[in-house]
Amino acid sequence: MMLGAVEAGGTKFVCSVGDETGKIIERTQISTTIPKETMSKVIGFFKSYELQAIGVGSFGPININRESAGYGSITSTPKPGWQDYPIVKTLEKQFRIPIGFNTDVNAAALGEATHGAAKGLDSCLYITIGTGIGAGAIVQGKLLQGLTHPEMGHILVRRHPQDTYEGKCPYHKDCLEGLASGPAIEERWGAKGVDLVDRTEVWELQAYYIAQALMQFVLILSPKKIILGGGVMNQKQLFPSIYKYLKEFVADYVYLPELADYIVSPGLGDHSGITGSLMLAKQALQGNI
Ligand code: ADP
Ligand code: ZN
């Protein structure tokens with residue numbers, strides 16, 4: 001099976017050609033400018049292959065409701081030109097093959113569940129902590145979807161009593177993303193995360209908020225594995241602090257497996273999203289969406 005995959009991000013689009021086993025044969029990176037320019041490069045890259053399907057894991061929010069007229073579009077993004085942009089229709093018109101479409105984090109969850117840290121499990125949660133915070137979930141073997149896709153990065157958390165930072169989320173100010181994303185770290189502490197490695201208070205506060213979110217996800221979804229990715233999670237010292245706070249917050253109320261095996265880094269490194277997008281292509285081809 002020759003499949004195409006797009007990891008559509010706000011700064012770059014990663015495009016790959018691969019197969020149903022997750023093997024990547026060719027890969028390219030295209031900057032995200034205006035849709036016409038970016039998409040014509042995406043199309044140009046895929047044109048030289050005989051693809052059977054393409055999967056797209058996209059930044060969002062996106063419309064994944066197949067019954068609605070706007071299915072397959074990016075919806076309310078501040079990125080110029082991308083608002084209501086019909087990414088699926090554009091690819092369908094060019095290639096006339098099945099196009100799979102889901103969020104970037106749902107794609108990453110699918111990649112990790114098929115070939116990564118949650119391989120063989122029928123449930124997992126993938127969370128990215130980067131420019132934004134988002135999560136995708138596999139529940140009973142399927143990507144979690146209701147009215148639309150979940151937006152787990154914007155849940156509310158209890159403020160740390162000493163944290164006076166107002167929060168960075170343009171919609172909710174001090175939601176999880178507003179308090180714990182990369183840009184929130186930078187604004188609160190006046191330096192990028194990568195330059196704050198030795199400031200233990202930075203990572204303690206970070207872990208305090210992440211652990212609260214994890215407690216809620218565990219209580220609501222009961223995932224069999226939790227995968228923490230994104231730029232901020234390069235700070236590996238976060239893991240032990242997250243385990244400590246999660247244990248404290250959950251307080252023996254629910255069963256938690258050994259946390260070092262349960263809450264882990266992506267098994268596929270930086271390739272969770274693109275591998276998952278390949279799997280979205282496979283699902284689209286098999287009509288399994
Ligand atoms: P994006 O979310 O845009 O796809 P990333 O997951 O790389 O990209 O997230 C970028 C954010 O993560 C930035 O705010 C950046 O400061 C932060 N970040 C990237 N690398 C590190 C690091 N090694 N340590 C701490 N923060 C980092
Ligand atoms: Zn928010």
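Computed from the coordinates by the stated procedures, all read-outs in this text should not be read as laboratory data. Just so it is clear, the model here is predicted, and its values are computed rather than measured. Note that each Cβ is placed from the backbone with ideal geometry, even for glycine, and that neighbours are counted across all protein chains shown.
In square nanometres, what is one fourth of the surface area of the convex hull spanned by the alpha carbons of the chain?
The orientation-averaged projected area of the Cα hull of the chain comes to 14.6 nm².
Glu186 to Tyr262: extension gain in nm, 0.36 nm per residue of separation minus the Cα-Cα distance?
24.5 nm
Which order do peptides 200-207, 123-130 fall in by mean Cβ count within 10 Å, highest first? Let's see the in-between values first.
Working: 200-207: 18.4, 123-130: 25.0.
Averaged packing, sorted descending, gives the order 123-130, 200-207.
Collect residues whose amide H, placed 1.01 Å from N in the peptide plane, falls under 5 Å from the amide H of Lys12; neighbours closer than 5 in sequence don't count.
Thr32
Residue by residue through segment 153-170, which ³J(HN,Hα) values in whole Hz follow from phi under the Karplus form 6.51 cos²θ - 1.76 cosθ + 1.60 (θ = phi - 60°), with glycine and proline marked x?
Couplings: x, 9, 5, 8, 10, 6, 5, 5, x, 9, 8, 9, 5, 6, x, 9, 5, x Hz.
Quick one: Karplus J couplings for segment 176-187, per residue in order, coefficients 6.51, -1.76, 1.60, θ = phi - 60°, nearest Hz, x for Gly and Pro?
4, 4, x, 9, 10, 6, x, x, 5, 4, 4, 6
Quick one: check the C-alpha center-to-center distance for segment 1-60 versus segment 261-288, whole angstrom.
Taking the Cα centre of segment 261-288 as reference, the centre of segment 1-60 is 14 Å away.
Between Val197 and Thr75, what is the spin-label point distance in nm, taking each point 7 Å from the Cα along the Cα→C-beta axis?
So the label points at Val197 and Thr75 sit 4.1 nm apart.
Between Asp122 and Lys236, take the C-beta separation as r, use R0 = 35 Å, and let me know the FRET efficiency to the nearest 0.05.
0.80
Could you state the number of Å between the C-alpha centres of segment 101-128 and segment 201-256?
18
Among Ser265, Leu144, Tyr165, whose Cα sits farthest toward the positive end of the charge dipole of segment 117-265 (+1 at Cβ of Lys/Arg, -1 at Cβ of Asp/Glu, about the Cα centre)?
Of Ser265, Leu144, Tyr165, it is Leu144.
For Val157, enumerate residues with amide H under 5 Å from its amide H, sequence gap 5+ or separate chain, H modeled in the peptide plane.
Here Leu176 satisfy the definition.
Over all directions, average the projected area of the Cα convex hull of segment 1-120 and note it in nm². Can you show the working numbers first?
Numbers: hull surface 29.5 nm².
Projected over every direction and averaged, the Cα hull of segment 1-120 covers 7.4 nm².
Note down the nm distance, to one decimal, between modelled labels 7 Å out along Cα→Cβ at Glu26 and at Asp270.
Distance between the two pseudo-spin positions: 2.1 nm.
From the convex hull of the Cα coordinates of segment 117-265, what is the mean projected area in square nanometres?
If I average the Cα hull's projected area over directions, I get 8.8 nm².
For helix 200-221, what angle does its Cα long axis make with the longest principal axis of the chain, in degrees from 0 to 90 and rounded to 10?
60
Could you pull out every residue, at least 5 positions away or on a different chain, whose amide H is within less than 5 Å of the one on Ile62? Hs are placed 1.01 Å off N in the peptide plane, and Pro or chain starts have none.
HN-HN under 5 Å from Ile62: Thr75.
Mind computing the radius of gyration and Dmax over the alpha-carbon atoms of segment 187-265? Å is fine for both.
When restricted to the Cα atoms of segment 187-265, Rg and Dmax are 12.9, 39 Å.
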